[in-house]
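Okay, so here's the structure we're looking at.
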Amino acid sequence: MKHTDIEALVKKMNVDTAKGAVDKRVQEVVVRLLTDLFKAIEDLDLTQAEIWKGLEYLTDSGQSNEMGLLAAGLGLEHFLDLRADEADAKAGISGGTPRTIEGPLYVAGAPETVGFARMDDGSESDTVDTLFVEGSVRDTDGNIIEGAKVEIWHANSLGNYSFFDKSQSEFNLRRTILADAKGEYVAQTTMPVGYGCPPEGTTQALLNKLGRHGNRPSHIHYFVSSPGYRMLTTQFNIEGDEYLWDDFAFATREGLVASVIDVTDSTEIEKRGLNKPFKQIIFDVVLTKDNADAPTTEIERRRA
Ligand code: MBD
Ligand code: FE
């Protein structure tokens, strides 16, 4: 079928016959997407079986709760970051900590404390390095932001996240820390290991067909917010990981690569109440001011 005939066909199905209340935005989006889909079916000469296979794939992905993972793995979530960066630049926003993807594994409602939180439940502390993640929250002029809400979440030493991994305790490796009077936060936790897609899952099945792996480098996620500032969704990825610049979710960015400091000094160890050397990562955060000229950075999406 000619592309012009496809355009006419889609318009007829979705616009002319619309009766009653119409959501103009949904209509516009559906017409455009269907037109592009039909054209792709035509150009690629897809078979009927291939089309059903695609629909079945989306069904399976949804039923196994992997749509969020798929969005990350196909680079859709990273693409949205690049678009948000562009919108920010257009609105004259600069100087904040770079954004990067949220990913599909945030859980709301983590325990909240001021200044300091121990994030791990202790179940791995004998076998896994203790990690202190700490830093300040400031505005782009360098002023501290007392009370800034720093939400942190990360994987355990098997690359698994609590809630999704039912073998972990509730909210393990998930905390909310309010920056103290010096604008600082300190998280005591255990060293995360990079995530790998479920090997038998729908996302990995597609990645296999694309000749791609489904691994992420070791990383720690952040939401940082404070009234009057734009909410920041970001994460740092940890230097030295083999997947640092080969992340299946494309989340690693300049400015978001963390170096690990090995702390072996016995007075430092004692000061932290520990009995063995530990690792330390400094991650300072800079928030930009609220700005009516740029799209909101508080993204509505279904979360656990
Ligand atoms: C993760 O931990 C993650 O951050 C992303 C983006 C996708 C899957 C697992
Ligand atoms: Fe993650």
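Just so it is clear, none of the values below were taken in a lab; they were calculated from the coordinates. Model, not experiment: these values are computed from the prediction. Ideal geometry is used to build each Cβ from the backbone, glycine not excepted, and the neighbour counts take in all protein chains shown.
Provide the packing ranking of 146-152, 259-265, i.e. peptides ordered by the mean count of other C-beta atoms within 10 Å per residue, highest first. Intermediate values should be presented prior to the final figure.
Numbers: 146-152: 20.0, 259-265: 11.9.
Highest mean packing first, the order is 146-152, 259-265.
Once phi is turned into ³J(HN,Hα) by the Karplus curve 6.51 cos²θ - 1.76 cosθ + 1.60 with θ = phi - 60°, what whole-Hz value does each residue of segment 123-135 show in order, with x for glycine and proline?
Computed from phi, the couplings for segment 123-135 are 5, 10, 5, 7, 10, 10, 4, 6, 10, 9, 10, 8, x Hz.
Neighbour counts of other C-beta atoms within 10 Å: give me Ser162, Ser64, Ser266 arranged from fewest to most.
Numbers: Ser162 23, Ser64 14, Ser266 10.
Ascending Cβ contact count within 10 Å gives the list Ser266, Ser64, Ser162.
Can you put Thr189, Thr202 in order of Cβ neighbours within 10 angstrom, beginning with the fewest? Display every interim value, and only then the final one.
Details: Thr189 26, Thr202 22.
Going from sparsest to densest Cβ surroundings: Thr202, Thr189.
As a check on your grasp of the helix formula, calculate [θ] at 222 nm for the chain: sum -39500 (n - 2.57) over DSSP H runs of n ≥ 4, divide by the residue count, round to the nearest 500. Before the final figure, lay out the partial values.
Working: 7 runs with 82 residues, N = 304.
Taken over the chain, the calculation gives -8500 deg cm²/dmol.
Given contacts defined as C-alpha pairs under 8 Å and at least six residues apart, what's the relative contact order of segment 224-271, whole-number percent?
Working: 27 pairs, mean separation 15.0, N = 48.
Dividing the mean separation by the residue count of segment 224-271 yields 31 percent.
Relative contact order, percent, of segment 135-220 when contacts are C-alpha pairs under 8 Å separated by at least 6 residues? Could you put the intermediate results ahead of the total?
On the way: 144 pairs, mean separation 27.1, N = 86.
Answer for segment 135-220 is 32 percent.
Sequence-distant or interchain residues sharing an amide H contact under 5 Å with Ser125, placed H: which?
HN-HN under 5 Å from Ser125: empty list.
Cross-link list Lys166/Lys289; Lys12/Lys209; Lys24/Lys90: which exceed 32 angstrom alpha carbon to alpha carbon?
Working: Lys166/Lys289 39 Å; Lys12/Lys209 36 Å; Lys24/Lys90 27 Å.
Checking Cα-Cα distances, Lys166/Lys289; Lys12/Lys209 exceed 32 Å.
Could you name the aspartates and glutamates whose alpha carbon sits less than 16 Å from that of Lys279, not counting residues in the same chain fewer than 8 places away?
Asp120, Glu124, Asp126, Asp129, Glu134, Glu239, Asp241, Asp262, Asp265, Glu268, Glu270
Nearest-5 percent of antiparallel DSSP beta bridges in the chain? Please list the in-between numbers first.
Values: 30 of 46 bridges.
Restricted to the chain, the bridges split so that about 65 percent are antiparallel.
Can you give the relative contact order of the chain as a percent, counting alpha carbon pairs under 8 Å and 6+ residues apart?
Working: 534 pairs, mean separation 64.2, N = 304.
So the answer I get is 21 percent.
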